[in-house]
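Remarks on the structure that follows.
Read-outs throughout are calculated quantities, based only on the coordinates presented, and are distinct from any laboratory measurement. From a predicted model like this one, the values you see are computed outputs, not experimental measurements. Glycine gets a Cβ as well: all are built from the backbone with ideal geometry, and neighbour counts include every protein chain shown.
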Amino acid sequence: MKRILIHSLLSIGLALLLQSFTPWWGVVIATAISSYFIRLKGSSVFFSPLLSIGLLWAIQAYSISSSNDFILAEKIAVLLPLNGSVGALIAVTGLVGGIFGGLGSLSGRSLKVLVS
């Protein structure tokens, strides 16, 4: 449990740092780095970053959207098959970010196994 918490905090910290310099795929690098250095067992290699990065992206999406009264989010939610639901758009954003975070974590763990 302690490793999962450290891994999640390191992934979030690296993701926030890398998102300043890279596009959206910076979270993949962040979770790969954290999984390379912190060993997780079983399915927590995928699901820990899925939750932490997904939550990070959902919070960021809400924060960015709330600064303009959800005007752009409503228009995008109409374009996508979400029936104009901003909450669903934020949830989908978090899910997509979480999936990429989990896949990056699997890549980092696979690289660690390959190197050792």
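Table: residues versus (1) in contact with a helix residue (DSSP H, G or I) (Cβ under 9 Å, 6 or more places away or on another chain); (2) of a type in the set (A, V, I, L, M); (3) farther than 24 Å from residue 14 by Cα.
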position	(1), (2), (3)
67	no, no, yes
70	yes, no, yes
74	yes, no, yes
77	yes, yes, yes
80	yes, yes, yes
95	yes, yes, no
103	yes, yes, no
108	yes, no, no
114	no, yes, no
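For every residue, the table says whether it meets (1) assigned to a helix (DSSP H, G or I); (2) over 23 Å from residue 6 (Cβ atoms).
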{"position": "28", "(1), (2)": "yes, no"}
{"position": "34", "(1), (2)": "yes, no"}
{"position": "40", "(1), (2)": "no, no"}
{"position": "48", "(1), (2)": "yes, no"}
{"position": "65", "(1), (2)": "yes, yes"}
{"position": "75", "(1), (2)": "yes, yes"}
{"position": "87", "(1), (2)": "yes, yes"}
{"position": "106", "(1), (2)": "yes, no"}
{"position": "111", "(1), (2)": "yes, no"}
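Conditions (1) more than 21 Å from residue 19 (Cβ to Cβ); (2) surrounded by 14 or more Cβ atoms within 10 Å (Cβ to Cβ); (3) basic (Lys, Arg), marked per residue:
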{"position": "76", "(1), (2), (3)": "no, yes, no"}
{"position": "83", "(1), (2), (3)": "yes, no, no"}
{"position": "89", "(1), (2), (3)": "no, yes, no"}
{"position": "94", "(1), (2), (3)": "no, yes, no"}
{"position": "98", "(1), (2), (3)": "no, yes, no"}
{"position": "102", "(1), (2), (3)": "no, yes, no"}
{"position": "106", "(1), (2), (3)": "no, yes, no"}
{"position": "110", "(1), (2), (3)": "yes, yes, no"}
{"position": "115", "(1), (2), (3)": "yes, no, no"}
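Scanning the stretch 23-42 for residues that are buried (at least 16 other Cβ atoms within 10 Å of the Cβ), over 14 Å from the mean Cα position of the chain (by Cα) and free of Cβ contacts under 8 Å to residues at least 24 places away in the same chain yields no hits at all. Looking for something free of Cβ contacts under 8 Å to residues at least 40 places away in the same chain, surrounded by fewer than 17 Cβ atoms within 10 Å (Cβ to Cβ) and over 16 Å from residue 15 (Cα atoms) - is there at least one such residue anywhere in the stretch 43-50? There is at least one residue in the stretch 43-50 that is free of Cβ contacts under 8 Å to residues at least 40 places away in the same chain, surrounded by fewer than 17 Cβ atoms within 10 Å (Cβ to Cβ) and over 16 Å from residue 15 (Cα atoms).
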